[in-house]
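Here the structure comes first, spelled out in structure tokens, and everything after it is commentary.
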Amino acid sequence: MTGLTFTAIDFETANGRRASACSVGLARVVDGKIIGTARSLIRPHAEHAEFAPHNVRVHGITAQQVAGAPTWDQLLLPVMAFIDGTPLVAHNSSFDQSVFEATTAIHGLAVPTPEFLCSLQLAQGRMQLIDYKLPTVAGSLGVSLTDHHNAAADAMACAGVVLQMARLFGQDTMEGLWSAAATTKASGRSQPKEWTSKKLSDLPQAAADADETNPLYGQVFVFTGNMETMERDDAMAAVAKHGASCGNGVTKKTTHLVAATTGTGKEAKARTYIAAGQDIKIITEKDFRDLLTLANG
């Protein structure tokens, strides 16, 4: 992943105003490897120095803790040196970019805003999850996040999310990773094209006269990716005749996800449910055909 060079960034604020940055975390990635991290508390500008109780509950930073911390005008140059001209990636970048800009402006500093990319939007374009909060996205990808709202920990997790998604989707450049996240508009937000499918009522229905002792009876199958040895409609019909149901998307009722292609949004969602204790079997196309052979007797 020689083209994956960026810096993940995360800000925490003292209150609801974007100019009240009280902590910044950074994780520098060069050629697909995290090579360094940095974190600093920030003493907010005097005009926005109050710490709102809600913010303190979220990140645990208090006015007393930042009393001796550097101000943003003291930190900006070291931060820019750490970034070293790389694009910035943040989870919900609209927030972090606005904090960067507002905090820089309140100090009267004239520094151009670096390029910002959003890992949240990247996940929305490529994955199907219960939600797209950083802990959910990181957990679904096996990325560690042990201290959420610690700016350094969040920046590390953000970097890990980008790198893991690059591996899963076979991308080795920043441009390729973001531009390949093909999306359609549905329900008012970006969703992967894979989600556009037949209505449930149009899918093959479980045969009413199926043998209840068959291993597929009562199971719920979802398919993801392009199968090489049979059409998806034929695969659905094959399980339906044995009393199994088929679904478009992974839900708590899903029992089997047939993953003809790995790293899809449906697989990520299934792994999220599995991590939460749900019994879902993720099987390959070969496993599925073996299962059909068993079911056919």
>> Please pick out the residue among L41, L88, L76, L4 that is open to solvent by less than 20 Å² (accessible area, probe 1.4 Å) and without any contact (Cβ under 8 Å) to a residue 40 or more places away in the chain.
In response: L76
> Restricting to the range 104-125, what's the tally of residues that are touching a residue at least 40 places away in the same chain (Cβ under 8 Å), farther than 23 Å from L76 by Cβ and open to solvent by 30 Å² or more (accessible area, probe 1.4 Å)?
Replying inline: 2
>> So in the range 158-196, with the set limited to residues that are of a type in the set (A, V, I, L, M, F, W, C), modelled with pLDDT of 55 or more and out of contact with any Leu (no Cβ under 8 Å at 6 or more places or on another chain), which one is least open to solvent (accessible area, probe 1.4 Å)?
In response: A159
> Filter the range 197-219 for residues that are within 18 Å of V250 (Cα to Cα) and open to solvent by less than 30 Å² (accessible area, probe 1.4 Å); which is modelled with the lowest pLDDT?
Replying inline: L203
> Which is open to solvent by 30 Å² or more (accessible area, probe 1.4 Å) and in contact with a strand residue (DSSP E or B) (Cβ under 6 Å, 6 or more places away or on another chain), of K286, K266, K253?
Replying inline: K253
> Only one of these conditions is not met by F100: (1) in contact with a Gly (Cβ under 9 Å, 6 or more places away or on another chain); (2) open to solvent by less than 10 Å² (accessible area, probe 1.4 Å); (3) not hydroxyl-bearing (S, T, Y). Which number is it?
Replying inline: (1)
>> For E50, only one of the following conditions fails: (1) in a loop (DSSP other than H, G, I, E, B); (2) under 28 Å from T136 (Cα atoms); (3) open to solvent by 70 Å² or more (accessible area, probe 1.4 Å). What is its number?
In response: (2)
> In the range 233-245, how many residues are touching a Gly at 6+ places or on another chain (Cβ under 9 Å) and either of a type outside the set (A, V, I, L, M) or open to solvent by 20 Å² or more (accessible area, probe 1.4 Å) (or both)?
Replying inline: 2
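Please report, ordered by residue number, the helices (runs of 4 or more DSSP H) entirely within the range 203-297 with at least 1 residues that are in contact (Cβ under 8 Å) with a residue 60 or more places away in the chain.
265-275, 285-295
Return the residues of the range 126-142 that are part of a helix (DSSP H, G or I) and buried (at least 23 other Cβ atoms within 10 Å of the Cβ); say none if nothing qualifies. Step through it out loud before you land on a result.
First, the residues of the range 126-142 that are part of a helix (DSSP H, G or I): 126, 134-140.
Listed by number, the residues that qualify are R126, L134, V137, A138, S140.
Filter the range 53-63 down to the residues that are among the aliphatic types (A, V, I, L, M), under 10 Å from C22 (Cα atoms) and either in a helix (DSSP H, G or I) or under 31 Å from the mean Cα position of the chain (by Cα) (or both) and list them by number.
I61
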> A38 versus (1) in a strand (DSSP E or B); (2) under 22 Å from the mean Cα position of the chain (by Cα): which is the lone unmet condition?
Replying inline: (2)
> Based on what the data block shows, is V66 farther than 30 Å from F169 by Cα, assigned to a helix (DSSP H, G or I) and not aromatic (F, W, Y)?
Replying inline: no
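The values are calculated or read from the model by the stated rules, or taken from the named source; none is laboratory data. All of these numbers come straight from a predicted model, not from anything done at the bench. Positions of Cβ are generated from backbone atoms using ideal geometry, with glycine treated the same way; all protein chains shown enter the neighbour counts. Surface areas here come from the heavy atoms of the whole protein model, side chains and all, with no ligands, DNA or RNA. Shrake-Rupley method; radii C 1.70, N 1.55, O 1.52, S 1.80 Å.
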